[in-house]
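Working notes, beginning with the structure itself.
Every read-out reported here was derived from the displayed coordinates using simple, explicitly stated rules and does not represent laboratory data. Remember, predicted model here, so these are calculated numbers, not experimental data. Using ideal geometry, Cβ is built from the backbone for each residue, glycine included, and neighbour counts are taken over all protein chains shown.
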Amino acid sequence: MSDVRQHADDIHDQFSDHIDVSVDDVEDRLSTLVDEYKVPMDEARRSVTNHYLEEAGLEREDISSGSSEHVNVEDVDEPEQWIDLTAKVIELWDPRSDSVAQVGLLGDPTGTIKFTKWAKSDLPSLEEGGVYELRNVVTDEYQGRYSVKLNSTTVIEELEEEIEVGDDTSEVEGALVDMQSGSGLIKRCPVEGCTRVLQNGRCSEHGEVEGEFDLRIKAVVDDGIDAHEVIFDKEATEELTGLSLEEAKEMAMDALDTTIVADEIADDIVGTYYRIEGPTFGRYVLADDVSELDGPADAEQLLIKARSM
Amino acid sequence: MSGAELTREVARRVFASEFNDSTYAFKESDDERAPNYALLPTGDRANRVFVVGTLTETEDVGEESEYWRGRVVDPTGTFFVYAGQYQPEAAAALRDTEPPAYAAVVGKPRTYETDDGTVNVSLRPESIAIVDEATRDRWVVETAERTLERVEAFEEWEAEQEPPESGSTAPTNEYAKMARERYDSPVVNYRNDVIQALESIEGTQNPEPTT
């Protein structure tokens, strides 16, 4: 089916309950705009839709969005579904391949989801921070994580409204490949509401202060496809390492050195596989629920696949 | 996230046989601080890798200062890990570990040319951790999966290449293209290595958790 035909079908579906119109008629109108006048597809679609709205005496809200259903981000739980989303572009990432025009993170009040826009779809650019109505995107799944793909039939409409992006829980599974500086036994600024981590006894805001000890880990969990930065707060660190803040302080006191705590923790966790769940905060995942992946790995399924390739 | 911001390089999963064949190194830009990549023959780039295998031998091969070489063996071959004064933690791990032991190494691929002109690939570690057998097995399965994904993508791309006129609609796979230009060995070899690696751990795994 050609692109024009596909769009004509969509529009026809939207109006078939309201007015007597044939798909051919819709297609003619679309192709006049697209093929003769070289109007971009999303603009043509908008114009043709408006034409029928007027003809039917309807408002935009009165019509269904056709074959795709308007859903919230958190409702995406099946691959290959055609859906509509109203979402904000939270982040744009660097595409890894020439076939991808844009890749990044979308969010709505219910959560966040990755999106990919193919170069060959020739769609307008999304901007970071922009809110869009995205009609006819298709869902995808990879290792239990969902994403949406913008394709040549997708209609993008920029909205003026602002939307709140919800706190989203994400799940990360992979090897802990690095523990970053600022991990272990740290000191925080005691000024109320500050809590900045001190560097050599100094707060970047309040200068030299008597810091308060805390435990935390900043780590990278990597599955060979993406590297995720994960933060473990005091509770999560104590649970992960079995080391309490008091014990960590004693350890540092005995060694006359706080870095021993980070060294001990690193020895314990680097190179180990974990599954981590928690809310995302900027580029970090805050570790709420952590489990070590120490069960047997399943080689059999993969062996069947490898032999059949 | 702006394009200028440095994003952390992913640690690729690659078996020793493929790693040691990754002799072509390149940068994506002329900037002297641009990251170095090794070109994997299955069609991807690797600035960093994560490997788990058996550390079978360690030796201080340094002349003036300590320079440790470790051999880390997986089901398909051997990674050569070198750590000197600029990798003090990794060097200490090689010095202090009594082989054999399962080791997890995060590091960067490095190539060097020997006197007879052959290019060797080694691993410069960022960290070396001693791990257990379950972690090794998990790594083998994960690396098998990632390798198969690359082989699959490579073969899909290759199938789209002929006849050449149809190339316009073919998905681009920049690194597969580069690999075909740079390397001779067919990707099916790496699929065979995957099978060999999986067979080596299948059946040896104890379904009961070992303590």
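For chain A, modelled as a Gaussian network with Cα springs under 10 Å, which listed residue fluctuates most, A:Thr139, A:Thr116, A:Thr195?
A:Thr195
For A:Lys234, go through the aspartates and glutamates and keep the ones whose alpha-carbon is under 14 Å away, minus same-chain ones fewer than eight residues off.
Candidates past the 8-residue exclusion: A:Glu212, A:Asp214, A:Glu246, A:Glu247, A:Asp288, A:Asp289.
Considering Cα pairs under 8 angstrom that are at least six residues apart, work out the relative contact order of segment B:82-183 and quote it in whole percent.
On the way: 87 pairs, mean separation 21.3, N = 102.
This gives 21 percent for segment B:82-183.
Using C-alpha positions alone, give me the convex hull volume of segment A:3-127 per residue in cubic angstrom. Don't jump to the answer; show the numbers that get you there.
Details: hull volume 16.0 nm³, N = 125.
Once divided by residue count, the hull of segment A:3-127 is 128 Å³.
Who wins for biggest fluctuation among A:Asp98, A:Asp298, A:Asp108 in a Gaussian network model of chain A, springs between alpha carbons below 10 Å?
Top of the fluctuation ranking is A:Asp298.
A:Ser183's amide H: which non-local residues (gap 5+, or another chain) put their own amide H closer than 5 Å, with H modeled 1.01 Å from N in plane and none for Pro or chain starts?
For A:Ser183, whose amide H was placed from the backbone, the distant partners under 5 Å are A:Lys218.
Using Cα centres only, tell me the gap between segment A:144-216 and segment B:23-51 in whole Å.
Here the answer is 29 Å between Cα centres.
For chain B, with only Lys/Arg (+1) and Asp/Glu (-1) charged at the beta-carbon, what is the dipole magnitude about the Cα centre, in debye rounded to 20? Each step should come with its number before you reach the end.
Working: 21 positive and 43 negative charges, 73 e Å.
With Lys and Arg at +1 and Asp and Glu at -1, about 360 debye.
Please list 3J(HN,Hα) in residue order for segment A:190-200, calculated via the Karplus relation 6.51 cos²θ - 1.76 cosθ + 1.60 where θ = phi - 60°; whole Hz, with x for glycine and proline.
Once rounded to whole Hz, the list reads x, 4, 4, x, 8, 6, 4, 7, 6, 10, 6.
Under the rule of at least 5 residues apart or a separate chain, name every residue whose amide H is placed under 5 Å from the amide H of B:Glu57.
Here the answer is B:Arg71, since their amide H atoms fall under 5 Å of that of B:Glu57.
Give me the mean projected area, in nm² to one decimal, of the convex hull enclosing the Cα positions of chain A.
Details: hull surface 88.6 nm².
Convex hull of Cα atoms, orientation-averaged projection: 22.1 nm².
About the Cα centre of segment A:171-292, how large is the charge dipole given +1 on each Lys and Arg Cβ and -1 on each Asp and Glu Cβ? Please answer in debye to the nearest 20. The partial results should precede the final answer.
Numbers: 10 positive and 30 negative charges, 115 e Å.
Using only the charged Cβ atoms, the result is roughly 560 debye.
For segment B:135-150, just list the computed ³J(HN,Hα) in residue order, Karplus coefficients 6.51, -1.76 and 1.60, θ = phi - 60°, integers in Hz, with x standing in for Gly and Pro.
5, 4, 4, 4, 5, 4, 5, 5, 5, 4, 5, 5, 5, 4, 4, 5
For A:Val39, enumerate residues with amide H under 5 Å from its amide H, sequence gap 5+ or separate chain, H modeled in the peptide plane.
So A:Val39 has HN proximity to A:Val34.
As I understand it, the dipole of segment A:3-62 uses +1 on the Cβ of Lys and Arg and -1 on the Cβ of Asp and Glu, about the Cα centre. Which of A:His51, A:Ala8, A:Val34 lies farthest toward its positive end?
Most positive-ward Cα: A:Val34.
Using a 10 angstrom cutoff on alpha carbons, build the Gaussian network for chain A and name the most mobile of A:Glu192, A:Glu157, A:Glu74.
Of A:Glu192, A:Glu157, A:Glu74, the Gaussian network model singles out A:Glu192 as fluctuating most.
Taking Cα pairs under 8 Å and at least six residues apart, what relative contact order does chain B come out at, in percent? Spell out each step's value before the answer.
Values: 378 pairs, mean separation 45.9, N = 211.
That works out to 22 percent.
Got a sec? Charge dipole of segment A:170-273, +1 on Cβ for Lys and Arg, -1 for Asp and Glu; which of A:Ala255, A:Cys189, A:Val177 is way out at the positive end?
Going by the Cα projections, it comes out as A:Cys189.
Expressed as a rounded percentage, what relative contact order does chain A have, with Cα pairs under 8 Å and six or more residues apart?
Details: 583 pairs, mean separation 36.4, N = 309.
Once divided by the residue count of chain A, the mean separation gives 12 percent.
Could you work out the longest stretch of chain B that avoids the GluC sites (Glu not before Pro) located in DSSP loops with at most 10 other Cβ atoms within 10 Å?
Details: sites that count: B:Glu5, B:Glu32, B:Glu63, B:Glu64.
With GluC sites (Glu not before Pro) excluded where exposed in loops, chain B gives B:65-211 as its longest stretch.
Quick one: 3J(HN,Hα) in Hz for segment B:78-87, Karplus 6.51/-1.76/1.60 with θ = phi - 60°, rounded, Gly and Pro as x.
Going residue by residue, I get 10, 8, 9, 10, 10, 9, x, 5, 8, 10 Hz, with x marking Gly and Pro.
Taking a threshold of 30 Å on the Cα-Cα distance, which of the pairs A:Lys117/B:Lys27; A:Lys114/B:Lys108; A:Lys305/B:Lys27; A:Lys249/B:Lys108; A:Lys38/B:Lys177 fall above it? Walk me through the intermediate numbers first.
Working: A:Lys117/B:Lys27 26 Å; A:Lys114/B:Lys108 28 Å; A:Lys305/B:Lys27 34 Å; A:Lys249/B:Lys108 35 Å; A:Lys38/B:Lys177 34 Å.
Violating the 30 Å limit, Cα to Cα: A:Lys305/B:Lys27; A:Lys249/B:Lys108; A:Lys38/B:Lys177.
Loop-only trypsin sites (Lys or Arg not before Pro) in segment B:1-70, please: DSSP not H, G, I, E or B, and at most 13 other Cβ atoms within 10 Å.
Working: sites: B:Arg8, B:Arg12, B:Arg13, B:Lys27, B:Arg33, B:Arg45, B:Arg48, B:Arg69; in loops: B:Arg8, B:Arg13, B:Arg33.
Passing sites in segment B:1-70 are B:Arg33.
Within a 10 angstrom radius of each residue's Cβ in A:92-104, how many Cβ atoms of other chains show up on average? Whole number is fine.
Numbers: counts 3, 3, 6, 0, 5, 6, 4, 5, 1, 0, 0, 0, 1.
That average works out to 3.
Modelling each spin label as a point 7 Å along the Cα-to-Cβ direction, I'd like the A:Glu80/B:Lys27 distance in nm, to one decimal.
Label at A:Glu80, label at B:Lys27, 4.5 nm between them.
Once you charge only the Cβ atoms, +1 for Lys and Arg and -1 for Asp and Glu, what is the size of the charge dipole of the protein assembly as shown about its Cα centre, to the nearest 20 debye? Intermediate values should be presented prior to the final figure.
On the way: 47 positive and 120 negative charges, 371 e Å.
Roughly 1780 debye for the protein assembly as shown.
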